[in-house]
1. When only Cα pairs under 8 Å and 6 or more residues apart are kept, what is the percent relative contact order across the chain?
2. What number, rounded to the nearest 500 deg cm²/dmol, is the helix-based mean residue ellipticity at 222 nm of the chain, given -39500 (n - 2.57) per DSSP H run of at least four residues and division by all its residues?
3. For a quick check: with amide H placed at 1.01 Å from N, whose amide H comes under 5 Å from Ile78's, ignoring anything fewer than 5 positions away on the same chain?
4. Take the alpha-carbon centre of the range 92-145, take the same for the range 1-49, and report the distance between them in whole Å.
5. Going by amide H atoms built from the backbone, whose H comes under 5 Å of the H on Ala89, apart from near neighbours?
6. Take every DSSP beta bridge whose two residues both sit in the chain, then give the antiparallel share in percent to the nearest 5.
7. Just to confirm, what accessible area per residue do you get for the range 1-40 at 1.4 Å probe, in whole Å²?
8. Using modelled amide H (1.01 Å from N, peptide plane; none on Pro or chain starts), what sits under 5 Å from the amide H of Thr49, excluding residues fewer than 5 places away?
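The values are calculated or read from the model by the stated rules, or taken from the named source; none is laboratory data. These numbers come from a predicted model, not from an experiment. Side chains are part of the model used for accessible areas, which takes the heavy atoms of the whole protein and leaves out ligands, DNA and RNA. Shrake-Rupley method; radii C 1.70, N 1.55, O 1.52, S 1.80 Å.
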Amino acid sequence: MSDTQDFLFLLKTLPRDWRRVLDRRLAPLGLSQAKWQPLLYLSRADGPTTQTALANYLDIESPTLVRLLDRLADDGWIERHACPGDRRARHVCLTPRARAVCTEIEAIATEVRAQLLADVSAEELRFCVGILRRLQIRTEALLHPDDGLSSPADAAPAAAAPARKKRPATN
């Protein structure tokens, strides 16, 4: 396998495996990835979150999200409310029970992250993040060629990249 193939393979498998480790650690709380990912996203969100935003984050279609939200609501993790000003949209909110368990999820996720990154220096991590940001900028340029960049090569290097709104992590 070439270095490029190995790199792309790791980009695909590492996040999956990381989530599997977290899944195992969260199993005693009765949570699978299908449940803890949306709960964690909602707990980290800045204010009310629409079903559409949640579906986009989870990268699932609306009908799939509705079934997931039905299960989460039936289990007492979330509530859905009408969105003021848009009768078609619905806000998804955590219940007090879910807020309490999200604190546990965060603690476990922090512990797993520390274990997985134990032998990675801060410098190595910054270097890796810089490369991944450059790849993300170039990918976005390829996906959205009409957004002002004439080619992926015009994408700013990571150090010059504009500050982005912090995305909730998946783990």
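1. Values: 127 pairs, mean separation 39.3, N = 171.
Here the relative contact order equals 23 percent.
2. On the way: 6 runs with 100 residues, N = 171.
Helices in the chain give a 222 nm mean residue ellipticity of -19500 deg cm²/dmol.
3. Ala73, Thr95
4. First find each Cα centre; the distance between them is then 9 Å.
5. Cys83
6. Values: 8 of 8 bridges.
Of the beta bridges lying entirely in the chain, close to 100 percent run antiparallel.
7. Numbers: 2630 Å² over 40 residues.
Ligands and nucleic acids excluded, the figure is 66 Å² per residue.
8. When sequence neighbours closer than 5 places are left aside, the close amide H contacts are Val92.
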